[in-house]
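Below is one structure, written out as structure tokens, with a few remarks after it.
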Amino acid sequence: MRFGYFDDARREYVITTPRTPLPWINYLGSEAFFTLCSNTAGGYAFYRDARLRRLTRYRYNNCPLDSEGFRIYIKDGESVWNPGWQPVQTGLDRYECRHGLGYTVIEGEKDGVAVSQELLVPQGDDCLLMRVTVRNDGKTEKKLRLFPYVEFCLWDAMDDGSNFQRNYSTGEVEVCGAAIYHKTEYRERRDHYAVFWADRKPDGFDTSREAFIGVYGSPARPEAVFGEGCTGSAAHGWQPVAAQQFDLSLAPGESTAILFGLGYIENPRDEKWAAPGVVNKKRAEAMIARYAAPAAFDGAMEALRAHWDALLSNYRVSSGEEKLDRMVNIWNQYQCMVTFNMSRSASYFESGMGRGMGFRDSCQDLLGFVHMIPERARERILDIAATQFPDGSAYHQYQPLTKKGNLAVGSGFNDDPLWLIAGVDAYLRETGDWSILDERVDFDNDPSLAQPLLEHLRRSFDYTRTHLGPHGLPLIGRADWNDCLNLNCFSEHPGESFQTTGPSEGPVAESVFIAGMFVKYGRAWTEICRRLGLEDEAAAGDEAIAAVEKAALTSGWDGAWFRRAFDAFGKVVGGKECEEGQIFIEPQGMCVMAGIGKETGEAARALESVRERLDTKYGIVLLQPAYTRYHLELGEITSYPPGYKENAGIFCHNNPWIVCAEAELGHGERAFEVYRRTAPAYIESISEIHRTEPYVYSQMIAGRDAPSFGEGKNSWLTGTAAWTFVSVSQAILGVQPTLDGLRIDPCVPAFLRRFTLCRRYRGAVYEITVENPDGAEKGVRSVTVDGLPIEGQVLPVQPEGARVSVVVYMG
Ligand code: GLC
Ligand code: GLC
């Protein structure tokens, strides 16, 4: 069942009922000011950091769901409704929500009154704009009341949700004309405030929640709306809010638009005050003035569209396969931008309080983002690298506001260092900007320890090289990519962290997955060394890699697939001798991507085993058989009920590894089949089963062992976005950035007989036509650039500004 449809021409998903299976959200903002906005205008806003600079409140785990947001109430006689249906839930005569790239438009209609609520975060500014247009479609004059309403968060979302004894006494606001200023803690340590404004003077306002909603009222029944209107309340402590009232009278056919804004302002310390106790509003007034002209909102929308036109023009395919084009050209790249911005911090499943930017997560996000804005990727690489420890290991997470590592989680996740090589390698392939390797970057955020980025990569590689276990495979530490395979942690008591209880230094537990990574990204490292003339270092590195590769094919090989690991007692994890958890997806994907066993047959055999044992109609599950009881020696993975999350869920992130691995072996049909099964546009028609948004990937789909087989969870913030983009844009469609230029090597299903691609790369545009007359799965017969044949499959790098036409014949 569908709850809407794709409008590709406008690059929107159009939701036609507010009763979606779950709130279906969008992200507004892609620089510093961010808003999560659901299809009913639920959500919240923050500046840079969802934990430390939260502007408006959101109550996770609430009932009903999605209670807080950017609300508009319409009072038409006795009838009260919201254009987005929530929170009053009055039935509407018409409803539609359009989630576009960086904006959302919600339209509701009732009794001849049509309201549209358009939300966006303008480029280059720290605010949310919300234009509300009300039109009288009836035959008689309408007298209406319109109320906007948001609830402020007292900045630190964690503290806001727990430190009530203090917070109920600290809230402060100022009201000045059509603007409400939220200035809690501004008197002492904060130099920032929030402002909610309207572009015309309201007929009333409230800033205290008790006054607007009522102590025992609710957002579904605000006392001011249902009763006599706003009271002009000033919040002193308790819950500061911004609510306003507009009394409108509209002739038949008449419409009126009010522009609202929610802004974030920082003042220099010595410019904080206009008068004792009075906030200096200069910067806020300038912000308000920027959007005062009636055309300003449309201008901001135009700018946003132009921005996305440019971003998406870096990679565009036209294949005749509508769903493929839609995912590649619009939604997959859009999700890559969002995951790049958010890492795993703020979604409807990530509270924005627990995790900041993940080291491995953000490094992987780069893989799907670097072609869009390489300069921002560069900056991110340097930020991440600065949280690396001098021995090459890394903080597992850091806060985006401070860019400092989180001590609470610490380090010891032994895959982390190698992801840094992956990210930097992708950047070099995309840009050819070798100067990044000379940038001096702190270790442990300590400037006295700064070294060139190259040295960071060296230490990443060396960390793994020097942390091998008894079988010559890399030691796993706290965990590798699979956060829940905690082989050195033995958590027996509720409330303990599965991941950090126990030592990270286990001298025995080894990971075959990291072995695959070491071969794949280790080779990237030695190639970089070669290019820099570091021959001896490259040769020594290759020797270390060969030894680990050999270990993967001996101790790491189970006979028909790659084993997963050895536990702290030296026992096999992910082998046929195991009662449960006999085969895992991760080492099959990573080892084959690394080319391990490609020549000798193990790679093909491993992928056959994946198909035989892990395939389901909704995607490939992480492992089989699912664990049915808790294994102290394996950790969190066995704490999940069978079929969920890492315990045999369809963990979408590693499905594209199998796509890449299949393509590595030339299996175009199979690669596409795996791609298709989890691609949102292809499963839109089962939205009632999948439940999460049909335009983005979720982290996990319940596996076949779960009662809710096929149900998605944790939508939006997942490494799936980046990896799927890599798998479809590089492995399937075959446009692969290399250190020397774009390599063209498609691996496609036979039905794709012809497709064209437009790729902007290092400042030049490549118009590529792939002809596949015989329905080959892989193999390139000839390549011409502007009509002239070239040797091999790597397109010579073109000068900036050039536009060339490339024709590739497969077969
Ligand atoms: C989550 C984490 C990621 C981890 C994965 C598997 O998605 O963000 O870091 O690799 O789970 O455990
Ligand atoms: C849990 C989740 C995993 C996530 C991790 C983050 O272990 O199952 O997916 O990566 O938490 O710490």
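The values are calculated or read from the model by the stated rules, or taken from the named source; none is laboratory data. From a predicted model like this one, the values you see are computed outputs, not experimental measurements. Note that we place each Cβ from the backbone using ideal geometry, even for glycine, and neighbour counts take in every protein chain shown.
For the reader, a short list of remarks on this structure follows.
- Subset of the stretch 271-301 that is in contact (Cβ under 8 Å) with a residue 40 or more places away in the chain and in contact with a helix residue (DSSP H, G or I) (Cβ under 7 Å, 6 or more places away or on another chain) - its residue that is surrounded by the most Cβ atoms within 10 Å (Cβ to Cβ): Tyr291
- Qualifying residue in the stretch 411-427 (condition: assigned to a loop (DSSP other than H, G, I, E, B), touching a Ser or Thr at 6+ places or on another chain (Cβ under 8 Å) and either charged (D, E, K, R) or away from ligand 1 (no atom under 15 Å from the Cβ) (or both)): yes
- Qualifying residue in the stretch 606-618 (condition: part of a loop (DSSP other than H, G, I, E, B) and either within 16 Å of ligand 2 (Cβ to nearest atom) or more than 17 Å from Leu553 (Cβ to Cβ) (or both)): yes
- Any chance Gly763 is in contact with a strand residue (DSSP E or B) (Cβ under 9 Å, 6 or more places away or on another chain), on the phi > 0 side of the Ramachandran plot and free of Cβ contacts under 8 Å to residues at least 60 places away in the same chain: no
- Of all the numbered requirements in (1) over 22 Å from Asp298 (Cα atoms); (2) crowded, with 24+ Cβ neighbours inside 10 Å, Arg145 misses one, and that requirement is (2).
- Inside the stretch 768-788, residues that are in a strand (DSSP E or B) and in contact with a Ser or Thr (Cβ under 7 Å, 6 or more places away or on another chain) make up a count of 2.
- Any chance Asn482 is under 22 Å from Gln397 (Cα atoms) and more than 16 Å from ligand 1 (Cβ to nearest atom): no
- Test: residue in the stretch 572-585 that is under 27 Å from Leu418 (Cα atoms), touching a residue at least 60 places away in the same chain (Cβ under 8 Å), among the β-branched types (Val, Ile, Thr) and in contact with a strand residue (DSSP E or B) (Cβ under 8 Å, 6 or more places away or on another chain): yes
- Restricting the stretch 349-371 to residues that are assigned to a loop (DSSP other than H, G, I, E, B) and surrounded by fewer than 24 Cβ atoms within 10 Å (Cβ to Cβ) leaves a set whose member that is farthest from ligand 2 (Cβ to nearest atom) is Met353.
- Any hit, the stretch 580-603, residues being buried (at least 18 other Cβ atoms within 10 Å of the Cβ), part of a loop (DSSP other than H, G, I, E, B), among the acidic types (Asp, Glu) and out of contact with any Ser or Thr (no Cβ under 9 Å at 6 or more places or on another chain): no
- Which listed residue is within 15 Å of ligand 2 (Cβ to nearest atom), surrounded by 18 or more Cβ atoms within 10 Å (Cβ to Cβ) and not charged (D, E, K, R), from Ser497, Ser491: Ser491
- Residue that is farthest from Phe196 (Cα to Cα), among those in the stretch 257-270 that are surrounded by fewer than 18 Cβ atoms within 10 Å (Cβ to Cβ) and touching a strand residue (DSSP E or B) at 6+ places or on another chain (Cβ under 6 Å): Ala257
- Contacts under 7 angstrom Cβ, first residue in the stretch 1-22 being in contact (Cβ under 8 Å) with a residue 24 or more places away in the chain, partner part of a loop (DSSP other than H, G, I, E, B) and among the hydroxyl-bearing types (Ser, Thr, Tyr), 6 or more apart: Phe3/Thr16; Phe3/Thr17; Phe3/Thr20; Gly4/Thr16; Tyr13/Tyr695; Pro18/Thr40; Leu22/Thr692
- Residue that is surrounded by the fewest Cβ atoms within 10 Å (Cβ to Cβ), among those in the stretch 92-103 that are touching a helix residue (DSSP H, G or I) at 6+ places or on another chain (Cβ under 8 Å) and assigned to a loop (DSSP other than H, G, I, E, B): Leu101
- Wholly enclosed strands (runs of 3 or more DSSP E) of the stretch 27-91 bearing at least 2 residues over 25 Å from the mean Cα position of the chain (by Cα), farther than 24 Å from Glu12 by Cβ and at pLDDT 95 or above: 71-76, 79-81
- One residue from Glu379, Glu350, Glu375 being among the charged types (D, E, K, R) and touching a residue at least 40 places away in the same chain (Cβ under 8 Å): Glu350
- Which numbered condition Tyr47 misses (of (1) touching a helix residue (DSSP H, G or I) at 6+ places or on another chain (Cβ under 6 Å); (2) farther than 24 Å from Glu107 by Cα): (1)
- When every residue of the stretch 12-20 is checked against the conditions, at least one turns out to be surrounded by fewer than 22 Cβ atoms within 10 Å (Cβ to Cβ) and of a type outside the set (Ser, Thr, Tyr).
- Matching residues, the stretch 104-116, being assigned to a strand (DSSP E or B) and out of contact with any Cys (no Cβ under 9 Å at 6 or more places or on another chain): Gly108, Glu109, Lys110, Val113, Ala114, Val115, Ser116
- Residue match in the stretch 634-653 (condition: within 16 Å of ligand 2 (Cβ to nearest atom), closer than 23 Å to Leu733 by Cα and part of a helix (DSSP H, G or I)): yes
- Residue match in the stretch 490-499 (condition: among the charged types (D, E, K, R) and either assigned to a helix (DSSP H, G or I) or farther than 17 Å from Glu636 by Cα (or both)): no
- Selection from the stretch 446-483 of residues that are away from ligand 2 (no atom under 16 Å from the Cβ) and of a type in the set (D, E, K, R): Asp446, Glu455, Arg458, Arg459, Asp462, Arg465
- Residues that are crowded, with 23+ Cβ neighbours inside 10 Å and not aliphatic (A, V, I, L, M) were ranked within the stretch 210-229; the one that is nearest to Leu144 (Cα to Cα) is Pro222.
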